[in-house]
Amino acid sequence: MSVLEMESGGESSPNLVGPVIRSGDLAEAVIDAIEADNPDRDVLVLDRDDYVRIHTVGECRLTQVSLAKFYGQAYALSALEIDMPSFKGRLSTRTNEYRWYYENEA
């Protein structure tokens, strides 16, 4: 699929999930890595100048391998939490993969 610019206010959709990352090189690498790790989903990006919302519908995967590839150096996913002031959805963490997901309460 592709990376799409999200409209302001679009982040209120309840089934969007994913990280909110401080703007910069790391955010750009996270966008590229999420696009690679979620080939069957559009990646929706909302740039708020000092932070970037990166979301997909229903589920969003980010692997350590993809992040290191696009960031250009080794990067422990646990360090992402320093630059991730927030996220949308539920988060499942592993050493080599983060997974945000939407869980319907019905």
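The values are calculated or read from the model by the stated rules, or taken from the named source; none is laboratory data. As the structure is a computational prediction, the values presented were derived from the model and not from experiment. Note that we place each Cβ from the backbone using ideal geometry, even for glycine, and neighbour counts take in every protein chain shown. We work out accessible area using only protein heavy atoms, side chains counted, and drop any ligands, DNA or RNA first. Shrake-Rupley method; radii C 1.70, N 1.55, O 1.52, S 1.80 Å.
Packing, taken as the mean count of other beta carbons within 10 Å per residue, orders the peptides 22-32, 52-62 from highest to lowest as 52-62, 22-32. Legend: residues 35, 81, 97, sorted from most to least accessible area (1.4 Å probe; ligands, DNA and RNA excluded), read 81, 35, 97.
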